[in-house]
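Student: Submitted below is the structure of interest, expressed as structure tokens.
The values are calculated or read from the model by the stated rules, or taken from the named source; none is laboratory data. As the structure is a computational prediction, the values presented were derived from the model and not from experiment. Cβ placement follows ideal geometry from the backbone for every residue including glycine, while neighbour counts extend to all protein chains displayed. Surface areas here come from the heavy atoms of the whole protein model, side chains and all, with no ligands, DNA or RNA. Shrake-Rupley method; radii C 1.70, N 1.55, O 1.52, S 1.80 Å.
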Amino acid sequence: MNLERPVAPDPYQLLPRVGSFTVTSESVRDGAPMPATFALAGENRSPQLSWSGAPAGTKSYTVTCFDPDAPTPSGFWHWVAVNIPASVTTLAAGAGKEDGSGLPPGAIQCRNDYGTMGYGGAAPPKSDRPHRYYFVVHAVDVEKLGVDKKTTPAAVSFHLVGHTLARAIITPTFKA
């Protein structure tokens with residue numbers, strides 16, 4: 001099967017402009033290959049993330065992981081965690097456990113595109129080029145985004161458009 005197709009644009013360049021702040025990771029590096037630990041066929045663990053410099057008025061965070069290079073017209077959502085308290089500025093590796101126990105109190109996860117809760121690791125087709133995984137921390141202007149566990153990732157993103165003050169992005173890659 002030939003999966004050759006154009007590279008998808010940066011999906012966040014398609015949204016209204018907002019401020020930025022910094023996200024770092026002990027687990028992954030921006031633009032560098034992601035260890036198999038964070039792949040579906042590996043340990044299927046979410047990477048460690050820390051952030052700083054969010055703007056005044058931040059009342060919560062939403063963390064997402066999106067693959068715009070998936071061979072679908074809508075990309076692929078690997079993780080959506082919402083209502084992370086503003087006092088939290090780090091998530092440990094493995095925080096995206098399906099049962100939510102790795103998240104701080106009050107935070108919830110929505111179903112990913114695998115149809116499961118929590119983080120679903122990288123799993124590009126074997127014959128495909130390296131995929132980009134956008135781990136994004138959204139600084140949000142409300143404590144509760146007004147979504148629940150049944151809300152789709154696309155609907156969460158729609159809610160975020162009107163409530164995101166700034167974004168911090170780190171984009172590792174992965175090739176099967």
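Student: Tell me whether segment 35-45 contains one or more residues that are under 17 Å from Phe174 (Cα atoms) and open to solvent by less than 30 Å² (accessible area, probe 1.4 Å).
Tutor: Looking through segment 35-45, at least one residue is under 17 Å from Phe174 (Cα atoms) and open to solvent by less than 30 Å² (accessible area, probe 1.4 Å).
Student: Right, next: If you check every pair at least six apart or on different chains, which have Cβ atoms under 7 Å apart with a residue in segment 144-155 that is without any contact (Cβ under 8 Å) to a residue 12 or more places away in the chain first and a residue that is in a loop (DSSP other than H, G, I, E, B) second?
Tutor: Close Cβ pairs satisfying both conditions: Ala155/Val147.
Student: Can you say whether Lys126 is within 16 Å of the chain's Cα centre (by Cα) and either under 22 Å from Tyr12 (Cβ atoms) or assigned to a loop (DSSP other than H, G, I, E, B) (or both), as far as the supplied structure shows?
Tutor: So Lys126 does not fit the description; no.
Student: Give segment 44-66 a look and list any residue that's outside any strand (DSSP E or B) and either over 14 Å from the mean Cα position of the chain (by Cα) or within 18 Å of Thr116 (Cα to Cα) (or both), or say none.
Tutor: Result: Asn44, Arg45, Ser46, Pro47, Gly53, Ala54, Pro55, Ala56, Gly57, Thr58, Lys59.
Student: Looking at Asp67, is it modelled with pLDDT of 95 or more and open to solvent by 30 Å² or more (accessible area, probe 1.4 Å)?
Tutor: Against the criterion (modelled with pLDDT of 95 or more and open to solvent by 30 Å² or more (accessible area, probe 1.4 Å)), Asp67 does not qualify.
Student: Can you pull out the residues in segment 29-43 that are in contact with a Phe, Trp or Tyr (Cβ under 7 Å, 6 or more places away or on another chain) and not in a strand (DSSP E or B)?
Tutor: Matches in segment 29-43: Met34 only.
Student: Ok, one more. Test Gly146 against the criterion of being on the phi > 0 side of the Ramachandran plot, open to solvent by 40 Å² or more (accessible area, probe 1.4 Å) and in a loop (DSSP other than H, G, I, E, B), and give yes or no.
Tutor: In short, yes.
Student: If you don't mind, another one. Looking at (1) on the phi > 0 side of the Ramachandran plot; (2) touching a residue at least 24 places away in the same chain (Cβ under 8 Å), which is the only condition Pro130 fails?
Tutor: (1)
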